[in-house]
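This report refers to the structure that appears directly beneath it.
The values are calculated or read from the model by the stated rules, or taken from the named source; none is laboratory data. This is a predicted model, so every value here is computed, not measured. Glycine also receives a Cβ, built like all others from the backbone with ideal geometry; neighbour counts cover every protein chain displayed. For the accessible areas, the whole protein counts, side chains as well, though only heavy atoms, and no ligand, DNA or RNA atoms are used. Shrake-Rupley method; radii C 1.70, N 1.55, O 1.52, S 1.80 Å.
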Amino acid sequence: MSGKSLLDHLRAQDDDTLGALLRARPDLALPAPADTGVVATRASVRMSVGRACEDLDAFTLQVVDALLVVRADEASAAAGDVLALLGADRADAGRAALADLERRALAWPDGSTVPPALPHADPAATAGWRAVPALRDVSVRYPGGLGRPAPEFSEIALTDDPAAVVAGLSADERSVVDALAADGPIGRSRAAGPGSGEHADKGPVGRLLAAGLLHRVDHETVELAREAALGVRGNRPLGDVPLADPMPAPRRQDPADVDATAAGEILELVRHAESVLTAWSDRPPSVLRSGGLGVRDLRRVARDEGLTEQDAALLVEVLAGAGLVAVSEGADAAWTPTVTVDRWLAAGPDVRWTTLARGWLDTPRAPSLVGARDVGDKLIGPLSDEARRPWAPALRRRVLDRLAEFDDGEGPPTADDLVASLAWRAPRKGGRQRDEMIRTVLREATTIGFVAHDALTSAARELLTVARGPGDDPDGAAAAALRRSLPDPVDHVLLQADLTAIAPGRLEPGLAAALDRVADVESAGSATVYRISEATVRRALDLGQTAADLHELFSTRSATPVPQGLTYLVDDVARRHGRLRGGAAASFLRSEDEALVAEVLAHPEAERLELRRIAPTVLVSQQPLVDVLEALRAAGLSPVAEDDVGGVLDLRPRGRRTAARRPERAVGTTPSLSSDQVVALVAQLRAGDRAATASRGRATGAGSGRTATSATVAVLAEAARTGRSVWIGYVDAHGTASQRVVRPLRVGGGVLEGVEDDGDTNGDVVGGAAMSFALHRITSVSVLADR
C-alpha cells in the first residue's frame, strides 16, 4: 500500500499542529507560504532540514540515524525496525522522539503497514514511517556508524541473527570487528581477499573478507558489514546515548550571595567603562586603515585600567555593542564616544549596567577571538570585521537560557557539566569550537555580571525576559533588580594626613560628584582612594566652589578629623585663586591688583598671547580665553574664567562626540513568530489549501489589457449578484503570489470586497473573514462549481 506524502500528512493535521510546526521551524514561514504545499516543499529543502536538525538532542538524532539505517528516506519503514535499533528498553523514548520528529515535519507516519525485518523487532509495530530525503544529505555518510548490509556487496549469505554472525570469530578477527564497530565501518588495509590465489592474505582481514564480513572499497580501504557491527554492539545497536540531559544535581548558593558577588563585578565594569569613555573623549584612538582598534591602543586601555588584554578587548567590544562608541565622521576617523554617552554618564550604575549588558548580549561579535589568528594567519584585532560572528548572540542566549532553567541561586556543579548538557541538547550546534565557546561565554557572563558562582543573577533573569507587550520593560525590571542587589551607598569618606580620601564603598551620587571636582582617583576597588592636590583644589575653585564650600565638604563628609595640611592647602590656593580674571575680547584679563596686571604684561608669554593693556587693571588678547588661561597657569599664575556678570565659568573641554548609530546586530537569523502571527499564517494556509483543491470552471485571465480587466470585473460582479464563490489568483504588494476562495459581496472602485469561503456547504458566510483585494492585482478568476 502506498503511504501518504508529507503534503498529505500536513494537510490532515489540525490548526494547533500546523502552528506548532511553524513555531518549531519558523524559517518555513518566511516569506509567508501560500498554502500547505509550499510548507511541505520548504520542509524538505536541505538547508531547512539541516537547520531543524541543529535543534535536536542527542537521542533524537540517534532516532534520525535509525530512520536512515532502515532507509525510511527512500521507502516506508516499520516502526518496529526503528525501535529495535535503539534497544529493547528504549521503545517508549523512541516513540516520543518519533513524535518530536513528526512535530518538526522531519518524519511522519504514512499510514502504511510494513512488517518489521530486523531480528528482535516488535512484530506488532508495523506502522510505516517515512523521513524527508534531505535528512541523509545533512547526516554523516554512515548513520549510526553502520556500514551497508552484506547482501549489497557480497553473495555470501549471513545468518539473520547478528550475534551468530560474530560468534565463531577468532580473537584477532574479533578485535578487527570490534575496532570498526566502535569507530566506524571504514578501515585501511591492503590485505588480499578471496580470488587472489596464493597471494590471498591469511590474516584476520583476509579471513573476514573471505567470510563476507568485510568488503573491499578500494585497494587499501575496507568496509565492515552491518550485520557484524550489530552482532558486536549487542542491545545498543546505535550506541549508548543518554536518554535525558546528563546535568547532575545543581550546586546551591544563597541567591543573595550570587547577586552581591555579581554586583561587585558590575560596579567594576561600570567604573572601567566610564574611565575609557572619559579618556577617549579627550584622546579618541584612530581607526586602523583595515578597520578596528590598534593593538597599542588596546594595550593602553589594559594598562590604564589594570586589566588583561583579553578583558580590555571585551570592554571595548561591549562599549561598541552598546552604541557608546562609534567611528567618527570625516577624514581623521577615530573611535569616539557618541552623543548618548552624556545621558549614560548621568544615569545610575543600574541603568548604566543594563545598557552595557544589553550591548554584550546582542552584539554579533566574539570578543574572545581578539588576539587569535584567522584562517590567513592574520592577527584578529579588537573592533575589527574579523571578530564578527553572527551566531554569537544565539550562543549567549543558549548558555544563559540553560542557566535560567535552574532555580534562584542554583547552577551547574562545574563548567564541564554545563558544556555536556548543552552538547547533549544540541550536538550539531557550534561546530568544532562549541565546547570552548560555551566556556568563553560563561567567563564573559561572569565578567559582565550576568553570572556569579556559575549561577544566574536576578537582574540577568529579568534582562533575558522577552517583552510580550508594550507594557513590558525587561531593561527597567533588570535595573530595579540590580538596585536591590547593590550595596547601600556610603555618605562619608576617610580623610588621611597624606591628603588622600578613602571611600569605603560606593559613594552617594552627590558626594561622588563633589569628590570628582576636588580630587583625582588614585586607585579603585572595593575602597576607592582619592588624591587631593593643589591642581585639584584649583579645579574645584575654577568650577565655582569657594574655600568655605570645600571646608564644609571636608568637615561634614569625613568620618575622620580634617588634616591641618588640607585646610592650609585649600586656604593657600583660594587666596591666590581668582585674583586675575579673564573674559573674551577675543579674551580679556582683569584684576584689582595693578601690580599683578603689570607682572603679567611683563611676562615672556605676554607677547605670544598678544596681551595689551586697555586699562590699569584690564588686559585683552586676540587668543582664545582657554589658551590664555592655560598658558598663565603653566607660568605659575592662577587665573579663573568669568562670565558677563562676574560669575565663574567652567571651561573644561567636554570631550569629542560623534553621532549615535544603531548598534551592530546579527542579520540573517530567523526571528521567532508571535502567537498572532502563527494564527494568521495557519489561516492563510487553510485558505490556500481550499483554493488549491477547489473545483472550478475555466479561469478568466486578468492580464494587463482593458478587455481582460473588464472580463474579470464582469465575472466577479455576476458572482456577487448570484452569491457564488470564486477562485482568484492574487499577487500582493510584496510580489507574493497566492490563491484564495472568496465569496464576493461588492465590486467597485478598483476593489473586490468579500468574505473568505470556509467551504461550508450551507451557504452561511457570516463566520468568514472579511477580505478586500485590489482588482489590478488579481491575476485570474474562476467561478467554483456548485457543491
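With every protein chain kept in the model, how would you rank 4, 429 by accessible area, 1.4 Å probe, largest at the top?
Per-residue accessible area, sorted high to low, gives 4, 429.
Leaving ligands, DNA and RNA out of it, rank 776, 215 by accessible area with a 1.4 Å probe, largest first.
So, going from the largest accessible area down, we get 776, 215.
May I ask you to order 445-455, 113-123 by the average number of other C-beta atoms within 10 Å around their residues, highest value first? Show your work: numbers first, answer last.
Working: 445-455: 22.9, 113-123: 15.5.
Put in order of decreasing packing, that is 445-455, 113-123.
Report, in debye and to the nearest 20, how large the dipole of segment 360-473 comes out about its Cα centre when Lys and Arg carry +1 and Asp and Glu carry -1 on their Cβ.
Working: 18 positive and 19 negative charges, 121 e Å.
About 580 debye.
Cα extents of segment 10-68 along the three principal axes, largest first, in whole Å?
33, 23, 18
Could you check how much of the accessible area of segment 276-367 is carbon and sulfur, as a whole percent, using a 1.4 Å probe?
About 49 percent, which is the carbon plus sulfur part of the accessible surface.
Which FRET efficiency value, to the nearest 0.05, do you get for residue 346 and residue 295 by plugging their Cβ-Cβ distance into 1/(1 + (r/R0)^6) with R0 = 35 Å?
Values: r = 33 Å, r/R0 = 0.94.
Efficiency, from the Cβ-Cβ distance: 0.60.
Given a Förster distance of 22 Å, report the FRET efficiency between residue 124 and residue 89 from their Cβ-Cβ distance, rounded to the nearest 0.05.
Efficiency at R0 = 22 Å is approximately 0.85.
Measuring from label point to label point, each 7 Å out along Cα→Cβ, what is the residue 722 to residue 560 span in nm?
10.1 nm
Scan (i) -0.32; (ii) -0.48; (iii) -0.58 for the value of log10 I(q)/I(0) by the Debye sum over Cα atoms at q = 0.05 Å⁻¹ calculated from this model and give just the label.
Among (i) -0.32; (ii) -0.48; (iii) -0.58, the one derived from this structure is (ii).
Give me a comma-separated list of calculated 3J(HN,Hα) values for segment 90-107, in order, Karplus coefficients 6.51, -1.76, 1.60 applied at θ = phi - 60°, integers in Hz, x for any Gly or Pro.
Values, residue by residue: 10, 5, 5, 5, x, 5, 5, 5, 4, 5, 5, 5, 5, 4, 8, 6, 9, 8 Hz.
Grab the other residues whose beta carbon is less than 11 angstrom from that of residue 81, score K and R as +1, D and E as -1, and report the net.
Here the count lands on 0.
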